[in-house]
Amino acid sequence: MSLEDKKRRKFVKQMTGLGVLGLASGVGIYFAPDLKAKDLILRPPGAVSEDKFLKLCIKCGQCLQVCPYDSIELEDIDGGASVGMAYINPHKRGCYLCSAFPCMLACPSGALNHEHDDIKYVEMGIALLTNMNSCLALKNKNVPNSAVDKIYNHTKILSSNERKNKKVNITGLEKEKDKLQKIILDKLDKFRDKPCTICADMCPYPTPIDAIGMIKKDDGLIPEIKEACVGCGACVELCPVSILKIIPREDYTSLYKKGKNHG
Ligand code: SF4
Ligand code: SF4
Ligand code: SF4
């Protein structure tokens, strides 16, 4: 079995295991059934079509060098045809949609299109809520400390004291990159033991209400993905119970039936 086939099988198993297909029919989320494994890698913003990307990315790592959030990695041996090429694993670190898109501008090969350095061109994918019943907002449960701590654990720029105390110290004297990542943690800290609206409140889209909002469901709330979502994956990284994922290279219209993504 080829690596592509293995990835495809793994993906289908994961999606079925998470109940995505059941959820789709159960609450009126319409799920596109024809996703292809080769389309399922989340690329940095500005990435050209996957076929072109595979030809153009020269594995130089320039984009990841300039990313202030440490969002980009190069695919390891499991990447099959695209081993060594740039991608984003939103479960580890989403993209925070820098206004100047340094990743695109640093790309020397055209794999990330310089002309797309504006949010209106960003089409990384679309977010999907995979297990509504586990949403803390629906269950009226507060955000546990451990959920915030896990983001501290994988944030690379922290001092040993900040990591140990799980509290950032923003002095204004740190490098821009450090400051930006600390701002995320500082914002996230405010959700400790508070009701969860993290996905909606920390979405980095310039007008987040156009990308995601909280709507009433039973006695609680659930997130509603909206048309402007660009699939940056920040909500995937930050969700305390890991029930969001990104479907790369799909958009709102292709993934959800227009105007009805929750029943
Ligand atoms: S937009 Fe910013 S955070 Fe996102 S991948 Fe590019 S450099 Fe990194
Ligand atoms: S809802 Fe916001 S944070 Fe989540 S993927 Fe979409 S644009 Fe990014
Ligand atoms: S981040 Fe969003 S989806 Fe995740 S538990 Fe909180 S409200 Fe629910």
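Bear in mind that the values in this text are calculations on the coordinates, not laboratory data. The model shown is predicted, which means the values in this text are computed figures rather than measured ones. With ideal geometry, Cβ positions are generated from the backbone for all residues, glycine too; neighbour counts draw on all protein chains shown.
Observations on the model:
- In terms of other Cβ atoms within 10 Å, Leu42, Leu158 run from fewest to most in the order Leu158, Leu42.
- Charge dipole (the stretch 131-244, unit charges on Cβ, about Cα centre) - positive-most of Ala147, Pro204, Ser159: Ser159
- Rule-of-thumb Rg ratio for the stretch 135-226 [Cα; 2.2 N^0.38 Å; N residues]: 1.21
- Taking a point 7 Å out from the Cα of Asn142 in the direction of its Cβ, the residues of the stretch 174-200 whose backbone N falls within less than 13 Å of it are 190-196.
- Between Ser99 and Asp78, the modelled label-to-label distance comes to 3.7 nm, taking each label 7 Å out from Cα in the direction of the beta carbon.
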